[in-house]
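The values are calculated or read from the model by the stated rules, or taken from the named source; none is laboratory data. Please read all numbers here as calculations on a predicted model, not as lab measurements. Note: ideal-geometry Cβ built from the backbone for every residue, glycine included; neighbour counts use all protein chains shown. Just the protein is used for accessible areas: all its heavy atoms, side chains included, with ligands, DNA and RNA removed. Shrake-Rupley method; radii C 1.70, N 1.55, O 1.52, S 1.80 Å.
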Amino acid sequence: MAPEVRVLNHNGAVQTTFQANHQNFHGGVHVAVGDMDSDGATELVTGPGAGTTPTVRVFELDGTLIRSFLAYGEGFRGGVNVAVYDLDRDGTAEIITGPGLGGGPEVRVFRADGTRLAAFFAFDPTFRGGVNVAAGRFGTNRQPLIAAASGYGGAHVRLFTPAGKYAGVNLRPFGQVRHGVVVAELPVNTHRSKLVAIPERSAAAKVEIYNLDSPTKPERSFHGVPKRYEAGARLAISDVDLDGEHEIVVGTGPGSAPRVRIFNTGGRLEKDVAAFRSNFRGGLAVAAGPGMVVVGPGAVDLDGRPDLYKYIQIDLSRQTLKYFQNGRLLNTHQVSTGKWDTPTPIGTFAIKNHIANAYSKRYDLYMEWWMAFSPDGSYGIHALPYWKTKNGGKRYEGQGHLGTPVSHGCIRQTLAEAKRLYAWAENGTPVIVKK
């Protein structure tokens, strides 16, 4: 789906639509709203989803492009999460960015014209799960703070000053999980606000509201989408219906119908409206401002499961191996699985280890780029096995048998495909073997 941004009123009626990126880009969009030029009017800020340059764009509400700038290096293609807040209280909002999947966890702060004001690592520099960002007072702080929430690989929230100094709050909503988290500010009064969290993916979208004066557990929680959906969600907060009270806006995640669900702060559902065509399953990006909700497609129409960041799927009947990332099919290639009397086990497993050149004493075979996936470690995914010859060379077994079940139960691939998969799949990556 093209990156079409829609501005809705509080009843869900479309007020404005425009393209946030070029028409042929299908990687989705991230959205935020705020007064970017201190004129009292609301502007829109977008960051791209994965697959294109990390360009942040600022638009008028009618879709007129005001300016654009690169938030990260031009070669980064993981997407840009965006938030907007007046961090220095001068009447003009700043733009806060966090990289999408694959980027280091560097949060950056910009003026609306693209001038960079700050940059800092919110988590360990080796973390590559992406960073979702928000800003607000968060608790009883007089100064605004930036909330950095880890993407896939954890559900960890840390607060920082606008200059990037750690502010001493380290929160883990939803416990020790790997599904990522999205956060937003819920203002209580001019000097106090709460933090609201929702899972980014891979868990039922349960909204949790935290009082950061005592953040050990949520003071209230409710399901943002029906329990049967387990692909997470997106989150925004504002006085959407202009009644003087803030509402919590939830955009459904990948794999479910594209719905915007509006709740009061007690968790009562007030509105449930369609954002795009009902068969779109890429998930939604949402933002909210006084009297409005802004939505954008969260991703392309997906090829695979949206609840798993990475996974490998082996089809025994077709003798194929597919691997997926973020719901997208990355590659398909031919393999050779177990023959009838030494079958490959069927079920859902996970990569247990990586051995660059494993040896089987039982069969006197070497197996390059070995990754065990069965619980006992005896079955693995690897390159075509080989024997060592007397002159120090290698004699590969079954080079003409890919596409035919001839192995002792392992998954055989070409050397090139095995090396590529070995580098891509971390320990813990799900492996699904089906008939």
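Here the Karplus relation 6.51 cos²θ - 1.76 cosθ + 1.60, evaluated at θ = phi - 60°, turns the backbone of the range 255-268 into coupling constants of x, 10, 4, x, 10, 9, 10, 10, 10, 7, 5, x, x, 7 Hz, with x for every Gly and Pro. Other residues lying with their Cβ under 9 Å from the Cβ of Phe120 contribute a combined charge of +1, Lys and Arg counting +1, Asp and Glu -1. Between the Cα long axis of helix 415-424 and the first principal axis of the chain there is an angle of about 30°, rounded to the nearest 10.
With +1 assigned to the C-beta of every Lys and Arg and -1 to the C-beta of every Asp and Glu, and no other charges, what is the dipole magnitude of the range 211-365 about the Cα centre in debye, to the nearest 20? Mind dumping the intermediate values first?
Numbers: 20 positive and 16 negative charges, 178 e Å.
Once rounded to the nearest 20, the dipole reads 860 debye.
Charge dipole of the chain (Cα centre as origin; +1 on each Lys and Arg Cβ, -1 on each Asp and Glu Cβ, all else neutral): 2160 debye, rounded to the nearest 20.
Excluding Asn427 itself, what net charge comes from residues whose Cβ is under 14 Å from its Cβ, given Lys and Arg +1 and Asp and Glu -1?
On the way: positive: Arg178, Lys310, Lys352; negative: Glu426.
With Lys, Arg at +1 and Asp, Glu at -1, the net is +2.
Scaled to the globular estimate 2.2 N^0.38 Å, the Cα spread of the range 210-272, given as radius of gyration, is 1.19.
Within the range 353-385, which residues have the backbone N less than 12 Å from the label spot 7 Å out from Asn331 along Cα→beta-carbon, could you tell me? Residues 383 fall inside that zone.
Quick one: net charge of Gly102's neighbours, Cβ under 11 Å, K/R +1, D/E -1? Provide the component values of the computation, followed by the final result.
Details: positive: Arg77, Arg128; negative: none.
Result for the neighbourhood of Gly102: +2.
The distance from the alpha carbon centre of the range 147-175 to that of the range 62-130 is 16 Å, rounded to a whole number.
Residues in the range 333-342 carry Karplus couplings, in order, of 8, 6, 9, 10, 10, x, 6, 4, 8, 9 Hz; the curve used is 6.51 cos²θ - 1.76 cosθ + 1.60 with θ = phi - 60°, and Gly or Pro positions show x.
Considering only Gly232, Ala274, Ile411, the residue lying farthest towards the positive end of the dipole of the chain is Ile411, judged by Cα position with unit charges set on Cβ.
Beyond 25 Å, what percent of the Cα pairs of the range 161-297 remain?
Distances greater than 25 Å cover 25 percent of the Cα pairs.
What the phi angles of the range 119-128 give under the Karplus curve with 6.51, -1.76 and 1.60, with θ = phi - 60°, is a coupling list of 8, 7, 8, 7, 9, 3, x, 7, 5, 10 Hz, glycine and proline written as x.
Using the heavy atoms of the protein chains alone and a 1.4 angstrom probe, what is the accessible area of the range 109-251 per residue in square angstrom? Intermediate values should be presented prior to the final figure.
Working: 6010 Å² over 143 residues.
Ligands and nucleic acids excluded, the figure is 42 Å² per residue.
Here the simple spin-label model places points 7 Å from the Cα toward Cβ, and for Thr216 and Ala416 these points are separated by 5.8 nm.
If you sort the three axes of the alpha carbon gyration tensor as a ≥ b ≥ c, you get a/c of 1.5 or more for the range 1-123 and a/b no higher than b/c, which makes it oblate. Computed over the range 87-132, the alpha-carbon pair-distance distribution with 10 angstrom bins reads 29, 45, 22, 4, each value a whole percent.
For the chain, which whole-number percentage of the solvent-accessible area (1.4 Å probe, protein heavy atoms only) is attributable to carbon and sulfur atoms? Walk me through the numbers before you get to the answer.
Values: 8660 of 18280 Å².
Whole-percent figure for carbon plus sulfur exposure: 47.
D for the chain, whole µm²/s, Stokes-Einstein with Kirkwood Rh over alpha-carbon pairs at 4 °C and 1.567 mPa s: what number?
On the way: Rh = 23.0 Å.
D, rounded to a whole number, is 56 µm²/s.
In the range 62-162, how does Rg compare with the Kirkwood Rh, expressed as the Rg/Rh ratio over alpha carbon atoms? Rg/Rh for the range 62-162 comes to 0.97.
Near the amide H of Ala135, within less than 5 Å, lie the amide hydrogens of Ala147, Glu185, all on another chain or at least 5 residues away, with H placed in the peptide plane.
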